[in-house]
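Down below is the structure, laid out as structure tokens.
Read the figures in this text as sums done on the coordinates, not as results from a lab. Being a predicted model, the structure only gives us computed values, none of them experimental. Here the Cβ positions follow ideal geometry from the backbone for every residue, glycine too, while neighbour counts run over all protein chains shown.
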RNA sequence: GCCGGAGUGGCGGAAUCGGCAGACGCACUUGAUUCAAAAUCAAGCGCCGCAAGGCGUGCGGGUUCAAGUCCCGCCUCCGGCACCA
């Protein structure tokens, strides 16, 4: 075949096997309809969050998750599964365009180059992807179907144009969705954003809010991620209640509350400053104060509004509302209407009833402005001072508390006293409904998905604007491709650069009438909302994905990636899947069954006594310490995110060049639990590299004259019983650990085996080494395929059946048990496995005789095959 | 403020069901090999103590024959949410 070196040489064997796998299409996944497809074979779909191909290339964080899914994929393949393990590129979007502007190139060019780099880097790592399924979201053959799906959403009324206020980011020259704006600043670039009413395309994700919430329960996702989605969806149950505005006959204020039962304690109302009623009900005397407050609130950025949240502010409108619990002419029901910026116009009805005795914010507000705080809860703490305060309303009581006796409707029909909170709410809502004053209501915080951007590098909408309104481009005209533009920079106006491509914009509709194209483009998350579906059937020109293919492959069995997509991509993908399901286009309701979040790979950094991180090139190692080169002062080790600024970024290419891909894969899996954040420690890398050398030496002699493999391995022979047991124990451990994604302990188990085998090297059999190579292969595939080949394993290791474990070999004949006196280990004794209780006690008592001398054993605990504990006084 | 997760040697981490804390790796120490170094191999390596022994999983209590693991109260760090009525 080729020149065979005797020492472990990853630089030679890794490219060799990568080429072999590629040329022979070893990792191709069979699809329904393929000639050799077998529907009986179980399937496994292992998916990575496909990367955004940035100009800086692969980061060590990428291979962390990719290695994890690759291990599972290779193991499943060996266990007889038909495995779908694809890779592609999330290639449309802002950063590519930003980079193109900076470097004065076209984003298509830069993206293609970056994709080439990523592909090359990933291929050197030996991932078992089915590269025939590769695509990028910016490929016309892909975004044709992204546009087609948009049409399906539009047909069902899930896509609409809106003029509502949206987040506009001047620096990025585009509008952004809620999940892309954090505290009023853009997630990407940290630029300030502001609310502006602009015509935009919006997707009606709110229609799916309840199902997106309910269906979370059955997913195998971490609780923290589910919590993030639940909080984002933000469901609240309660009621809407209608108040008349006094002296304004027909004017009514509707409020949303989660505690309608506390209506008895409502002593004022608050409208958001932007609320439509404000200008209508404000009295002449309050006109200027109210106008001033509204203006000031509008000028505040979102950030200022939340930052200044500590101190309540507000202005009285001069108007009064009437609490429907009281008779029309009862002055107790007459409560003032205020405006304040702690009430948010976009949530609920933008107006609240304020119950200072039951809500901390309302309490704070009432105290500051001297508004009445009517007590509505009965004392029950037993603490005199506290009880007095609760009863009089001097204390806010936000927990569930018994109602006061006077909580009774004016008609006497409802008395809350003695009821539970749930019953109180239910009865009061019933009363309000009967009175025509309100109804039960559920609200959600989630807003519809802002789906258009004023940028060039995205999917064009399949939309034409005509005098008659919006028309969708016919299916046979898809895809609508981007026009080639020299200058695609965003303009200063909130309008897409595509407006300058007038040749493209001006067109005709199907019947030849003049039309203009939609000039906004879709957001980056459009293409990533269904790529997992396309991977099932990526080369289909007639459908977005055949039903047979998606029925077979979906849902994704294992999805691995970072938490940064918790409320963006992961929610949008679930939404699109449900929408397509409702159209009968896919069978599943959820795309990702098991989701695993990898932790971030961090790096060590060094900080001075003030805590400032000193860049790596300004530090040096001095004995056991790391010191600042300029000052010579000792620095303290800390852990940070990898950052160019600190000079502690690790490039995977460097590791591959120095140690090989197998070492990189193994090291990243050995660092610690996949889900944990953990620091890269360059000093640990040679440790796993040594392990591979030791593994290699189990098979290959250093001296070429002694042969390709050790003489004793040339043919099979009797297996050494002790090694066979150690091997079975190891295989059992590794198999279970892969199943529970505990790769670090799996590797530790293999190290233990190699250590044992090294000590009795010439007792190893060929069969034992072949099986060892098989279980190591998912982690370090190249070295194992090479060992398999050299040892004369049948066919390719990749498709060799996973070794079986003989349960009988997992147990020893003798066990060592710990002997404790009063819970402290004082001796160990060796006993036959499953020795009787008496036998164990007798042996144990002898072993700790000196500890029991002069003492009275009052109790004896025997845990079979583990320990004996004497309780002696 | 609220909701999660975590805190174990010099470092990364292990302990899957309440049953021997520190697996495995790194670093370090000693020895073998070597002219020497690297590599490799062998041994040691939680803390205090000459030893016997004692102490030890963020802190303080508790349950238990037995607690890193369970309960109560705190501290610190990380992540998320945050005037959402």
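Before moving on, here are some points about what is shown:
- The angle between the Cα long axis of helix A:223-233 and the longest principal axis of the Cα atoms of chain A comes to about 20 degrees, rounded to the nearest 10.
- Ranked by the mean number of other Cβ atoms within 10 Å of their residues, highest first, the peptides A:849-856, A:29-36, A:359-366 fall in the order A:359-366, A:29-36, A:849-856.
- Quotient of C-alpha Rg and 2.2 N^0.38 Å, computed over region A:475-554: 1.46
- Computed over region A:417-528, the quotient of the alpha carbon radius of gyration and 2.2 N^0.38 Å is 1.84.
- Panel values: region A:724-873, Kirkwood radius from alpha carbon pairs, Stokes-Einstein at 25 °C and 0.890 mPa s, translational diffusion coefficient 135 µm²/s.
- Taking the longest Cα principal axis of chain A as reference, the axis of helix A:721-739 is set at about 20 degrees.
- Exposure proxy order (Cβ contacts within 10 Å, fewest to most) of A:274, A:109, A:435, A:518: A:109, A:435, A:274, A:518
- Separation of region A:145-173 from region A:553-608 is 22 Å, based on Cα centroids.
- Reference-scaled alpha-carbon Rg (2.2 N^0.38 Å with N residues) for region A:144-283: 1.39
- Looking at chain A, the pairs of alpha carbons with a distance over 52 Å make up 36% of the total.
- Value in Å of the Kirkwood radius, where region A:623-671 supplies the Cα pairs that are averaged: 13.3
- q = 0.12, 0.26 Å⁻¹: log10 I(q)/I(0) that the Debye formula gives for region A:789-873, counting C-alpha atoms only: -0.48, -1.21
- The peptide list A:796-806, A:78-88, put in order of mean Cβ contacts within 10 Å with the highest first, becomes A:78-88, A:796-806.
- Taking the fewest neighbouring Cβ atoms within 10 Å as the starting point, the ordered list for A:737, A:716 is A:716, A:737.
- Per residue, the convex hull spanned by the Cα atoms of region A:593-644 measures out at 95 cubic angstrom.
- Proxy reagent accessibility, fewest Cβ within 10 Å first, across A:610, A:119, A:437: A:610, A:119, A:437
- Computed from the Cα positions only, the extents of region A:390-455 along the three principal axes stand at 62, 32, 18 Å, in decreasing order.
- Per residue, the convex hull spanned by the Cα atoms of region A:74-212 measures out at 193 cubic angstrom.
- For region A:563-706, convex hull of alpha carbons as volume per residue, Å³: 201
- Overall form of region A:332-408 per C-alpha gyration tensor (a/c, 1.5; a/b vs b/c): prolate
- Percent of C-alpha pairs per 5 Å bin, region A:693-810, short to long: 2, 12, 23, 26, 22, 11, 3, 1, 0
- For region A:669-747: Kirkwood Rh in Å [reciprocal of mean 1/r, alpha carbons]: 15.4
- For region A:1-148, a Kirkwood radius taken over Cα pairs fed into Stokes-Einstein (4 °C, viscosity 1.567 mPa s) yields D = 75 µm²/s.
- Whole-Å distance, taken between Cα centres, linking region A:74-119 and region A:758-798: 33
- Principal-axis analysis of the Cα atoms of chain A puts helix A:766-776 at an angle of about 20° to the longest axis.
- Ordering of A:451-460, A:369-378 by burial proxy (mean other Cβ atoms within 10 Å per residue, highest first): A:451-460, A:369-378
- Here the Debye sum runs over all C-alpha atoms of region A:365-490 as equal scatterers in vacuum, and log10 of I(q)/I(0) at q = 0.18, 0.19, 0.22 Å⁻¹ comes out as -1.18, -1.23, -1.28.
- Beta bridges per DSSP with both ends in chain A, % antiparallel, nearest 5: 80
- Average Cα contact separation per residue, chain A, under 8 Å, 6 or more apart, as relative contact order %: 14
- Value of [θ]222 nm, deg cm²/dmol, for chain A, DSSP H segments ≥ 4, -39500 (n - 2.57) each, nearest 500: -10000 deg cm²/dmol
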